[in-house]
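Engineer: Right, I'll just put the structure down here and ask away after.
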Amino acid sequence: MVREDIFYVDAKTKIVDFLATEFDDFPIKLQNRFLNFFPQIFHYEEEGTKYKPALLFTNNIDAIIKAMPNPSKIELFSDDNEHMFASRLKSIVPFCRLDWSVYISIVPGEIKYGIFRNFNSIKEDGLEEIIFNSQILRDKSDRVFGIYVRPESSFTVKMKSLRGRIININFALDIKTVNDWDDEITGFVDASFSKLKTTSKKLNDVKTLYRNIFKNVLKNINGTICVVVDKDYNREKKDGEKENLFGDGIWLEEPIQLSKLFLSSQVYHEEKLTAMANVFFTMLNFDGMTIVDNCGSILAYNVFVETNLKTAGSIIGGARKRAAYTVINSRKRDIIGLYYQSHDGEMFWAPVKK
């Protein structure tokens, strides 16, 4: 019997290098504890509940909190050394389910653990964007260190530093499955509002709203497909067509226009906006596809297509992926593209081939 042990040594080397270059004097012993924990971050589970924890290592949590517009911080533990690292995370990570992030604040002779978040409107930038777009923190990055770690999928973890460096650690065997969520979602969001006419500020607001909804989808929904069609899309058969691409589904008598909830006036109703965003989130959690147009209107959900084996038969994956490629390869002029997310964390934005 021949045995071969295979290790992700390169990933470990890159992580160690990242910690050393982006956080001066990151403790070696704590680094080892973190490396031991790292493989769990993709599928962290407590009492049968799965989490996707976001961790911030810093030497000055108060400086980071001060740079946020509406923050809250709760300190939970303070230790003299790194021995309790795994135990502390076990006690803290469940708070991530409620949109809190974990901080590990490291100064000589003391390690503090706690949770923090920023309270903001669903149409405003989230915690990660606020921290890493902060000019104040960027100007202090020679003395205020910060490394943000979060799982981006079931096989990729992203690490970002206040100094501007980003690395994606990929544990997938197929390099084709590597995705950067920020890049993919940007393509999808831009397509979803390509024909919405409004001011640049309001357009940015509604795009941020979409990004925030889909961040929640990424964290809490196993799989989804959201198709973008043209604003003049007509699901009735056209001359020469044998059948509609989209079959069974729930088409709304009155499309939901999330953008109009706060684009039509200077004052919008935050509670109503959040409630309607949650309706959209729930639709995305149904089997089948959710259909939106490129003015940001939600048209339908729980929509299915009949898989075309000629165009999707060679695709490796389940029914959801074959359905996605049936749409992508349909060459329909009035279908723009789709956002795909699988149960194992793969995600992408793909325009329909023309």
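The values are calculated or read from the model by the stated rules, or taken from the named source; none is laboratory data. Quick caveat: nothing in here was measured; it's all calculated off a predicted structure. When we count neighbours, we look across all protein chains shown, and the Cβ atoms used for this are built from the backbone with ideal geometry, even at glycine.
Engineer: Please enumerate the residues belonging to region 123-138 that are without any contact (Cβ under 8 Å) to a residue 12 or more places away in the chain and either under 9 Å from Arg163 (Cα atoms) or in contact with a helix residue (DSSP H, G or I) (Cβ under 7 Å, 6 or more places away or on another chain) (or both).
Structural biologist: none
Engineer: While we're here: Looking only at region 31-59, count how many residues are touching a strand residue (DSSP E or B) at 6+ places or on another chain (Cβ under 7 Å) and within 21 Å of Arg143 (Cα to Cα).
Structural biologist: The number of residues fulfilling the criteria is 5.
Engineer: For region 118-129, which positions are out of contact with any strand residue (DSSP E or B) (no Cβ under 6 Å at 6 or more places or on another chain) and either not in a loop (DSSP other than H, G, I, E, B) or not polar (S, T, N, Q) (or both)?
Structural biologist: Scanning region 118-129 gives Phe119, Ile122, Lys123, Glu124, Asp125, Gly126, Glu128, Glu129.
Engineer: Can you say whether Tyr51 is within 25 Å of Ala20 (Cα to Cα), under 22 Å from the mean Cα position of the chain (by Cα) and hydroxyl-bearing (Ser, Thr, Tyr), as far as the supplied structure shows?
Structural biologist: no
Engineer: Any chance you could count how many residues in region 323-347 are surrounded by fewer than 21 Cβ atoms within 10 Å (Cβ to Cβ) and under 20 Å from Ser153 (Cα atoms)?
Structural biologist: 3
Engineer: Consider Glu22 carefully, then state whether it is on the phi < 0 side of the Ramachandran plot, in the same structural domain as Val102 (by TED's automatic domain parsing), acidic (Asp, Glu) and touching a Ser or Thr at 6+ places or on another chain (Cβ under 7 Å).
Structural biologist: yes
Engineer: Of everything in region 295-320 that's modelled with pLDDT of 95 or more and touching a helix residue (DSSP H, G or I) at 6+ places or on another chain (Cβ under 8 Å), which residue is farthest from Leu261 (Cα to Cα)?
Structural biologist: Of everything passing the filter in region 295-320, Asn302 is farthest from Leu261 (Cα to Cα).
The rows are residues; the columns are (1) at pLDDT below 95; (2) closer than 16 Å to Gly126 by Cβ.
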{"position": "Tyr51", "(1), (2)": "yes, no"}
{"position": "Asn60", "(1), (2)": "no, no"}
{"position": "Ser72", "(1), (2)": "no, yes"}
{"position": "Glu75", "(1), (2)": "no, no"}
{"position": "His83", "(1), (2)": "no, no"}
{"position": "Lys90", "(1), (2)": "yes, no"}
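Engineer: Taking Ile74 as the residue in question, decide whether it is assigned to a helix (DSSP H, G or I) and among the hydrophobic types (A, V, I, L, M, F, W, C).
Structural biologist: So Ile74 does not fit the description; no.
Engineer: Which count do you get for residues in region 36-79 that are free of Cβ contacts under 8 Å to residues at least 40 places away in the same chain and of a type in the set (Ser, Thr, Tyr)?
Structural biologist: Residues that pass the stated criteria total 1.
Engineer: All but one of (1) small (Gly, Ala, Ser); (2) under 18 Å from Ile131 (Cβ atoms); (3) touching a Leu at 6+ places or on another chain (Cβ under 8 Å) hold for Ser72; state the number of the condition that does not hold.
Structural biologist: Status for Ser72: all satisfied but (3).
Engineer: Please specify each residue of region 323-336 satisfying the condition of being at positive phi and in a strand (DSSP E or B).
Structural biologist: none
Engineer: Restrict the check to region 175-196 and report whether at least one residue is assigned to a loop (DSSP other than H, G, I, E, B), more than 22 Å from Lys52 (Cα to Cα) and β-branched (Val, Ile, Thr).
Structural biologist: Scanning region 175-196, I find no residue that is assigned to a loop (DSSP other than H, G, I, E, B), more than 22 Å from Lys52 (Cα to Cα) and β-branched (Val, Ile, Thr), so the answer is no.
Engineer: Please work out if Phe280 is at pLDDT 90 or above, in the same structural domain as Asn216 (by TED's automatic domain parsing) and surrounded by fewer than 20 Cβ atoms within 10 Å (Cβ to Cβ).
Structural biologist: no
Engineer: Out of curiosity, is Phe116 buried (at least 16 other Cβ atoms within 10 Å of the Cβ), at pLDDT 95 or above and closer than 26 Å to Phe42 by Cα?
Structural biologist: Yes, satisfied.
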